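A short worksheet on the structure shown next.
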Ligand SMILES: [Zn+2]
């Protein structure tokens, strides 16, 4: 999924579909239902405000936030249950407390980008695993894998940078946008059908949700937004945004080993990533200093 494609491409693809004699009736019906379901609650808009770093790119949004959040809540519950069975859910209480304290400082700052976010049902859990990974599912469901923090020996500010980045994917609803783009391209009709409760088996839905919410490969545009907005959130929460540079240096070092970290395989480390953070420091350092002064 590359870049912003914000136009009425679902209608366009429907019209194109009518000219193709082989398109199946079910497919067309599903797409038509998606259009109906979409009336009034979807379209082309930005999920977030500008902030200081500019975070208001227009997005194609064909399904509702509520639909994504429902999938997210189900997937998150399953993830916790699986980890719990393995004794891996918050098995290091000090680490969990540390990560939750950082989240608690960042969460109120999300109001800069969207006013509804501070009152989301935020959840923060740590799973004991060697995986170098973290994510935030739609609606503020955060997971950190202990390996990321312990193996890279992350400081609180570096954890905050990762968290700000991951939270931004949720604020910007990148998963919702990606599913919308897939629906528009008619490659995710099953997802659309499942979201609308048109049947399909639940195992397939679980897989789809996993792909859409956890194993999502975000686009370069999404990653760049997550870095930018995430850095502002970090600074506003009173964490040193310069930690973004040391974080990515650690990530790059870890990726030169035999097994690249999971976090990097879903978050491609372009050479210009550290450069972008450096170029944003003049914008976000004053926010950090103001947050420090304000206590
Ligand atoms: Zn990312």
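The values are calculated or read from the model by the stated rules, or taken from the named source; none is laboratory data. Please read all numbers here as calculations on a predicted model, not as lab measurements. Here the Cβ positions follow ideal geometry from the backbone for every residue, glycine too, while neighbour counts run over all protein chains shown.
The table for this structure:
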| quantity | calculated |
| --- | --- |
| Which numbered condition residue 269 fails, given (1) farther than 30 Å from residue 74 by Cα; (2) modelled with pLDDT under 80; (3) away from the ligand (no atom under 13 Å from the Cβ) | (3) |
| Strands (runs of 3 or more DSSP E) within the range 105-216 that include 2 or more residues at pLDDT below 95 and within 15 Å of the ligand (Cβ to nearest atom) | 134-137 |
